[in-house]
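Below is one structure, written out as structure tokens, with a few remarks after it.
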Amino acid sequence: MDSEIELKLLVSADAESKIRKQFLPDLNADIEHQSIQLFNSYYDTPEQILRQHGMGLRVRGNNGEYEQTIKCRDGSVGGLHKRAEYNVSLPSNQLDIALFPGEVWPANINTEDLKFRLSSLFSTHFRREQYLIISDQDTQVEMVFDSGEIETDKYHSPVCEVELELKKGAPEAIFQLARKLLEAVPFRLGYKSKAQRGYELYVGEDLEVLAKKPEFPIAKHTSLQDAFITLMSVLVEFWQRHEQRFVEHGKVRDIVELVAIMRLMKRNLKLFEKQLSCPEFASLSKQLKVQLREWQWVDELSDIKELLSKKGFYRKKLQKHDAVLQHLQARQVALLKAHEPLKLLQQKGYISLQLDILEMLTHKPWTSDPSWQEESINRFAKIAIRDELKSIFELFQFKSKESVDAYLKHIPALQRVVHIQKLLGNAVGSRTGQSLETWTDLLDGAEELKVLHTLEGNLRQLSTEGDDNLVQWCVAKQDGLFEVMELSREAALVAQSE
């Protein structure tokens, strides 16, 4: 059994030329190169039992030589892949799963039955430019550029990607090489394997069931380090998924969720920066702050998305006003055109941030501090939540009634409370969690106020007959919502003071 650590990078078709002419000549390393043509058939049962177990089974042909491989689920975070892999040479292209060791298979898979039910569902064929980059006697990284196609009986999809696989040395070598590559070749981090893409092509749809919001399974006994790594890993996974889904489908929802996750990630770094002290935390926080400024326009986009949603609160009211809907749709298009999110996803700063996060999760730099000690998440979570509740309690103790603008101004503070509930709520008792939840309604109300505020601003830009009445309705809705929120605020303060 081998264990591979690799980065998958999605590139354009001109990457090969840039690699040969710009990237490789600038490396201070010995390079061994070969060009090969690979043919792969991927096998599974009709109900895809192997995929359900996170396994991939293929037979690979290369110049008359054959090998069967099975990959088992181990871990994949934002383009960084770690997984167990078993390889067996074959005399022909005929699959023979009996050649794999018995421990490969989960206990609930009957291999005798399995071998009669396996068939090839899809295939990949591509040219591979393979480079073994030897930096020194202790460091070797294999870089491959794959160009070809994934095929089923009915469909096909192009392959154009670079993979960096650690052959010898520390994992940091992969990230160092990736940063050098980024200077010559634009790329995005990819998390879907060729096998996953093949399954999706075979089925004809995206097989991932992506939850609307990430969940963080942090138990009370979890160590501080493991809790942080788990939280960041979940966030990176959702970040990458929403990014890829936007690239594939262009839906506004995925851009909105991507930005929300970046903000949650920034909050997570702030929470742990004192306990897991290292310079990387400050650097990542700074990079996230810079990137979030680039994506600040998404707040308005999110409001317009809610207003245009057929399931939104205000669709029934707005559907009677064609001019308003057309104006909002035009504004949505204008925002996307002005900020070009696809280009933002390819900016060097954005990609570098993702690489730095993955390297930190791999390297764990805080462990190099001699004074660092492992501790449980429970005590830390209770203190962090207590401090956040104290802060929000003091902020919302208004001496006199505030205006709608005050709630809009306090949205970031309310988001901090909800963020800490999401991140650390499972690590504390239910009573503390209930205290946090009392502020969630206020955030929901404040965000609804923001949507109405955005609507009012757009309505005032229109001069269509009848829009004045809609403006008055919008203002009245904000005033009514404000009164309800004042009652919720008072109830939250009373509940927390008890």
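The values are calculated or read from the model by the stated rules, or taken from the named source; none is laboratory data. Since the model is a prediction, treat every value here as computed from it, not as a measurement. All Cβ positions, even for glycine, are placed from backbone atoms using ideal geometry, and neighbour counts span all protein chains on display.
The set of residues in the range 20-54 being within 27 Å of the chain's Cα centre (by Cα) and more than 14 Å from LEU121 (Cα to Cα) consists of GLN52, HIS53, GLY54.
If only residues of the range 364-376 that are of a type outside the set (D, E, K, R) and modelled with pLDDT of 90 or more are counted, the one that is surrounded by the fewest Cβ atoms within 10 Å (Cβ to Cβ) is PRO365.
Of the residues that make up the range 396-412, is at least one surrounded by fewer than 20 Cβ atoms within 10 Å (Cβ to Cβ), under 26 Å from the mean Cα position of the chain (by Cα) and at pLDDT 90 or above? Full working, then the answer.
Residues of the range 396-412 surrounded by fewer than 20 Cβ atoms within 10 Å (Cβ to Cβ): 397-406, 408-412.
Next, only the ones that are under 26 Å from the mean Cα position of the chain (by Cα) stay: 411-412.
Restricting the remaining residues to those that are at pLDDT 90 or above gives 411-412.
Yes.
Can you tell which of SER120, SER135 is polar (S, T, N, Q), under 30 Å from GLY169 (Cβ atoms) and in contact (Cβ under 8 Å) with a residue 12 or more places away in the chain?
On the way: SER120 fails: under 30 Å from GLY169 (Cβ atoms).
Going through SER120, SER135 in turn, the sole match is SER135.
Here TYR155, TYR199 are screened, and the one residue that is in the same structural domain as TYR43 (by TED's automatic domain parsing), over 27 Å from ILE31 (Cβ atoms) and either surrounded by 20 or more Cβ atoms within 10 Å (Cβ to Cβ) or in contact (Cβ under 8 Å) with a residue 60 or more places away in the chain (or both) is TYR199.
Quickly run through the range 30-56 and pick out the residues that are within 21 Å of PRO101 (Cα to Cα), touching a Phe, Trp or Tyr at 6+ places or on another chain (Cβ under 7 Å) and at pLDDT 95 or above. Correct list: TYR42 only. Residues that are under 21 Å from GLY54 (Cα atoms), exposed (fewer than 15 other Cβ atoms within 10 Å of the Cβ) and at pLDDT below 95: does the range 214-223 have at least one? Checked the range 214-223: at least one residue is under 21 Å from GLY54 (Cα atoms), exposed (fewer than 15 other Cβ atoms within 10 Å of the Cβ) and at pLDDT below 95. If only residues of the range 459-469 that are in contact with a helix residue (DSSP H, G or I) (Cβ under 6 Å, 6 or more places away or on another chain) and either surrounded by fewer than 16 Cβ atoms within 10 Å (Cβ to Cβ) or under 19 Å from GLU306 (Cα atoms) (or both) are counted, the one that is modelled with the lowest pLDDT is THR464.
Looking only at helices (runs of 4 or more DSSP H) that lie completely in the range 262-365, which have at least 1 residues being within 19 Å of LEU235 (Cβ to Cβ) and within 20 Å of the chain's Cα centre (by Cα)?
Details: elements: 279-294, 298-308, 315-318, 322-339, 341-344, 348-363.
Passing ranges, in order: 279-294, 298-308, 341-344, 348-363.
Within the range 427-457, the set of residues being more than 20 Å from ALA260 (Cα to Cα), in a helix (DSSP H, G or I) and modelled with pLDDT under 90 comprises ALA427, SER430, ARG431, THR432, GLY433, GLN434, SER435.
Whether a residue is over 21 Å from LYS194 (Cα atoms), in contact with an Asp or Glu (Cβ under 8 Å, 6 or more places away or on another chain) and of a type outside the set (A, V, I, L, M) was assessed, and GLU161 does not pass this test.
The listed residues are ALA211, ALA227, and the only one of them that is among the small types (Gly, Ala, Ser), under 18 Å from the mean Cα position of the chain (by Cα) and at pLDDT below 90 turns out to be ALA211.
How many residues are out of contact with any Leu (no Cβ under 6 Å at 6 or more places or on another chain) and either part of a strand (DSSP E or B) or buried (at least 20 other Cβ atoms within 10 Å of the Cβ) (or both) when one looks only at the range 162-176?
6
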